[in-house]
1. Over all distinct Cα pairs, what is the inverse of the mean 1/r for the chain, reported as the Kirkwood hydrodynamic radius in Å?
2. Suppose only helical runs count, i.e. DSSP H with n ≥ 4. What mean residue ellipticity at 222 nm does that imply for the chain under -39500 (n - 2.57) per run, divided by all residues and rounded to the nearest 500 deg cm²/dmol?
3. At q = 0.21, 0.26 Å⁻¹, what is the log10 ratio I(q)/I(0) for the stretch 182-228, with the Debye formula run over Cα points and no solvent?
4. Rounded to two decimals, what is Rg over Rh for the stretch 225-343 when you use alpha-carbon atoms and the Kirkwood radius?
5. Quick one: how many lysine pairs does the chain have with C-alpha atoms less than 27 Å apart and a gap of 8 or more or different chains? Give me the count, please.
6. With a 10 Å Cβ neighbour count serving as the proxy for reagent exposure, in which order, fewest first, do Ile45, Ile141, Ile113 appear?
7. Arrange the following residues from fewest to most other Cβ atoms within 10 Å of their Cβ: Arg187, Arg28.
8. Arrange Leu11, Leu70 by Cβ neighbour counts within 10 Å, fewest through most, would you?
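Throughout, read-outs are computed from the coordinates displayed, never taken from laboratory work. Just so we're clear, the structure is a prediction, and the values are computed from it rather than from any experiment. Glycine also receives a Cβ, built like all others from the backbone with ideal geometry; neighbour counts cover every protein chain displayed.
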Amino acid sequence: MLDWYDAHARLLPWRLGPSPRRRPDPYRVWLSEIMLQQTTVATVIPYFAAFTKRWPDVGALAHARLDDVLHAWQGLGYYARARNLHQCAKTVSAEGAGNFPETTEELEALPGIGPYTAAAIAAIAFDRPATVVDGNVERVIARLFGVTETLPAARERIRSLAAELTPHVRPGDYAQGLMDLGAGVCRPRKPACGSCPLSASCIAFKKGLAEELPRRAAKPVRPTRRGFAYWAVRPDGAVMLRKRPAKGLLGGMMEVPSGVWREGEIAPATADADAPFAADWRPLPGTVGHVFTHFRLEVTVLAARLEGGHGMADGAVWCPPERLGDHALPTVMKKIAAHALAKF
Ligand code: SF4
């Protein structure tokens, strides 16, 4: 595995140390691992470059304004990660004088760092023999050992099999090697078993099951939630935005004022009850759809042109449409704004 890694390691910005065999900067490893949760390497690379240019170390990020961090995070989704990222930077700066702890236990005590991320940082940044099991590694181990039970139930067995293999020699490179193998060779479709360093011991390969594993239990159907968003336009063309409550989905992000998202059909009367203030709200044709991890969202946009005196929702700001990009609008809110601009 290590020989293969030495020859085939992916060149990723967070891995580039000052010279070969030097450990990478823990700040960069941590930042990349937080960004990579739920996000692909290709998407993360430009965000990683922008963040490290603007905030080159953990102290700089700790001193950033949360709004600036959320704004720079726009498009990566799962904004709780950005808030935890900022909180974690502050904690490491204040309690560790800018140094990340090295053990998985201490790392897990930090905001936004779960067992997987703690293991990845301990292994990659500090060369600790922590067992790192991301989706790629899970697939490699399931195939290598021929695990035919379905996920997620098989996860615990795969973890303990992976733990048995974790070496004490260069555990960080081993962890990254296994991740790279899963990403480039032991791919979900058409694994390149012919060029895999593990093929001689791989049960799935021997049994011709490689592409079938790991098996997954059928996914529960995503429910649909529905709600209203309110596009209020002032006589000078400015539109209303407001900040969502700090807790909950998209917490602390800016929004086109929105009502509650409810499962099932929603009664038209809800539109008035959820409105940020009373106005002549008219529905725009069509709806805006967005898929979150646990549900689909369908939003009907109501618009009102305000003449003279106008209402004002709590914590709201007025924004000219051409300045919408100045605000930390999550993707769903960008879609709502684009829909309103096109239809109203
Ligand atoms: Fe994956 Fe094939 Fe390698 Fe087995 S031999 S680990 S299935 S690429």
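1. 22.8
2. Only helices count here, giving -11500 deg cm²/dmol.
3. Treating every Cα as an identical point scatterer, log10 I(q)/I(0) equals -0.74, -0.98.
4. 0.93
5. Summing the qualifying lysine pairs gives 16.
6. By the 10 Å Cβ count, ascending, the order reads Ile45, Ile113, Ile141.
7. Ascending Cβ contact count within 10 Å gives the list Arg187, Arg28.
8. Leu11, Leu70
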